[in-house]
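Below is one structure, written out as structure tokens, with a few remarks after it.
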Amino acid sequence: MDFAFDARTEELRAKLLAFMDEYVYPAEPVAHEQRAALSSPWRTPPVVEELKAEARRQGLWNLFLPDSGYGAGLTNLQYAPLAEITGRSPQLAPTALNCAAPDTGNMEVLAQFGDEAQRKQWLEPLLAGEIRSAFAMTEPEVASSDATNITTRIERDGDDYVVTGRKWYISGAMNPDCRIFIVMGKTDPDGADIRRQQSMVLVPRDTPGVEVRRAMQVYGYEDHWHGGHAEVVFDHARVPVSNLIGEEGGGFAIAQARLGPGRIHHCMRLIGMAERAIELMCRRAVSRTAFGKALAQQGVVHTWIADARVAVEQLRLLVLKTAWMMDTVGNKGAHTEIQAIKIATPRTVVDIIDKAVQLHGAGGVSQDFPLAELWAGARTLRLADGPDEVHQRSLARREIKRYL
């Protein structure tokens with residue numbers, strides 16, 4: 001395993017670091033001011049569109065997509081340090097580069113499983129950053145950590161599918177630019193194979209019977225930057241049979257294919273969030289005095305900063321190993337490593353951000369620093385794309401199986 005950056009990664013990394021310093025960090029306060037003046041908090045601040053235009057001009061666009069026909073053609077190992085950099089400003093940078101979830105996963109699904117017409121109608125405008133999208137799987141009435149539990153029905157009626165169900169925490173759905181939902185539901189609820197009961201269909205937002213009911217809060221945040229997390233009701237929403245993605249019964253497999261890259265992308269960005277927290281911790285420590293000496297001279301602060309640095313270096317190596325394995329043996333071959341980073345990274349980064357909050361005192365939980373919002377985002381990722389306990393269960397069973 002060689003994790004040294006190749007020439008292309010070094011070039012993109014240098015361009016991205018300069019882009020962050022020159023454009024993204026200065027845009028953070030501007031975006032907050034502009035959002036406060038918008039007619040709706042769900043609309044995109046104008047400065048974000050300016051960032052997108054500049055990123056595209058510089059060739060920092062669709063870096064996440066390994067298919068060179070649609071994206072930058074980078075490997076997971078090449079993309080990892082770039083995603084980490086965007087994680088330092090998770091509200092702006094991923095969107096600026098058209099590398100923000102859930103659009104990334106949806107574009108991957110359409111590129112891999114969509115037909116030519118679906119790619120033309122939905123993938124192309126997503127790749128161009130002209131529209132946004134949402135992925136509707138999680139439901140309030142069942143334990144969605146087990147995706148076989150979903151109850152939304154996708155029923156064939158002649159040349160149409162009729163979609164009926166209730167979803168929630170559907171990321172991006174509050175954004176008025178969100179034009180399309182990828183909806184997972186059951187086409188064969190009584191099928192013998194519980195992993196072949198589900199299918200995925202494309203449901204345009206303006207389809208009669210689709211109601212974006214309300215925004216769900218995350219620790220009090222509405223997460224305007226990512227288009228919110230909505231409760232969405234599908235009340236006999238009718239779409240053509242041609243809106244089926246892949247084949248009937250293929251929804252569970254498509255979901256697993258989608259979630260693998262999504263999990264590592266989250267972990268890459270989480271490392272950047274941790275680096276931002278460490279930077280803020282250090283700046284605070286050298287600028288504040290308590291009980292007669294700088295916080296940087298307090299022993300407990302030394303411990304927090306040292307432990308954070310060790311933890312980040314460990315996580316980065318594990319993420320890079322996972323990226324390398326995904327590139328060399330595929331997502332299935334890297335299943336254990338993907339689960340390991342999904343378990344380790346969010347909970348470790350939550351702890352690092354928590355220490356940074358503590359060091360900032362009241363400022364740490366305020367809107368004057370990004371730490372509280374970073375903490376909420378990192379904590380949520382212990383649930384998103386499968387809770388810790390599901391990954392721990394699966395990983396442990398795989399380990400035990402070797403001894404049976």
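Treating each Cα of region 7-114 as one equal point scatterer and applying the Debye formula with no solvent, the log10 of I(q)/I(0) at q = 0.16, 0.21, 0.23 Å⁻¹ comes out as -0.71, -1.12, -1.27. Relative to the longest principal Cα axis of the chain, at what angle does helix 335-360 sit, 0 to 90 degrees, rounded to 10? Helix 335-360 sits roughly 40 degrees off the main axis of the chain. Label-to-label distance for GLN314 and GLU54 is 3.8 nm, based on points extended 7 Å past Cα in the beta-carbon direction. Taking a temperature of 4 °C and a viscosity of 1.567 mPa s, what whole-number D in µm²/s does Stokes-Einstein yield for region 81-202 with Rh from Kirkwood over alpha carbon pairs? After rounding, the answer is 82 µm²/s.
Sequentially through region 103-114, phi angles give Karplus couplings (6.51, -1.76, 1.60; θ = phi - 60°) of 4, 4, x, 5, 5, 4, 4, 5, 5, 8, 10, x Hz, Gly and Pro residues having no value and appearing as x. Overall size of region 172-216 from C-alpha positions, given as principal axis extents largest first: 40, 21, 16 Å.
Entry for region 227-330 at q = 0.14, 0.24 Å⁻¹: log10 I(q)/I(0) = -0.80, -1.24, Debye formula applied to identical alpha-carbon scatterers, no solvent contribution. What does the net charge come to around HIS266 if you take all other residues with beta carbon closer than 12 Å to its beta carbon, with K and R at +1 and D and E at -1? Every neighbour counted, the sum reads +2. Once you mark the chymotrypsin sites (Phe, Trp or Tyr not before Pro) that are in a DSSP loop and have at most 11 other Cβ atoms within 10 Å, what is the longest gap between them in the chain? Within the chain, the longest run free of exposed chymotrypsin sites (Phe, Trp or Tyr not before Pro) spans 1-290.
Taking label positions 7 Å along the Cα-Cβ direction at both THR303 and ASP188, the computed distance is 5.8 nm, reported to one decimal.
Each Lys and Arg adds +1 at its Cβ and each Asp and Glu adds -1 at its Cβ; summed about the Cα centre, the chain shows a dipole of about 1040 debye.
If you bin all the Cα-Cα distances of the chain at 20 Å, starting from zero, the percentages per bin are 26, 58, 14, 1.
On full extension, the segment bounded by GLU11 and ALA362 gains 122.4 nm, given 0.36 nm per residue less the C-alpha separation.
For the pair SER287 and ASP206, label points projected 7 Å from Cα toward Cβ lie 4.8 nm apart. Could you pull out the trypsin sites (Lys or Arg not before Pro) across region 247-321 that fall in loop regions by DSSP (anything but H, G, I, E, B) with no more than 16 other Cβ atoms inside 10 Å? Sites meeting the loop and neighbour criteria: ARG288.
Principal-axis analysis of the Cα atoms of the chain puts helix 251-287 at an angle of about 20° to the longest axis. Fully extending the segment from THR148 to ASP160 would add 2.0 nm, taking 0.36 nm per residue of separation and subtracting the current Cα-Cα distance. The stretch between THR75 and TYR219, if pulled fully straight at 0.36 nm per residue, gains 48.4 nm over its current Cα-Cα span. Counting DSSP beta bridges with both partners in the chain, what percentage is antiparallel, nearest 5? Of those bridges, close to 85 percent are antiparallel.
Entry for region 146-267 at q = 0.11, 0.16, 0.21 Å⁻¹: log10 I(q)/I(0) = -0.38, -0.80, -1.26, Debye formula applied to identical alpha-carbon scatterers, no solvent contribution.
Straight-line cross-link partners of LYS401 among the lysines, defined as a Cα under 19 Å from its Cα and at least 8 positions apart when in the same chain: LYS332.
Given the pairs LYS52/LYS355; LYS15/LYS52; LYS120/LYS342, which span a C-alpha to C-alpha distance of over 24 angstrom in this model?
Listed pairs above 24 Å: LYS52/LYS355; LYS120/LYS342.
Principal-axis analysis of the Cα atoms of the chain puts helix 299-333 at an angle of about 30° to the longest axis.
All of the numbers you see were taken from the coordinates with simple rules; none came from a lab. Computed from a prediction, not measured in an experiment: that's the story for all the values here. A quick note on method: Cβ atoms are made from the backbone with ideal geometry, for glycine too, and the neighbour counts reach across all protein chains shown.
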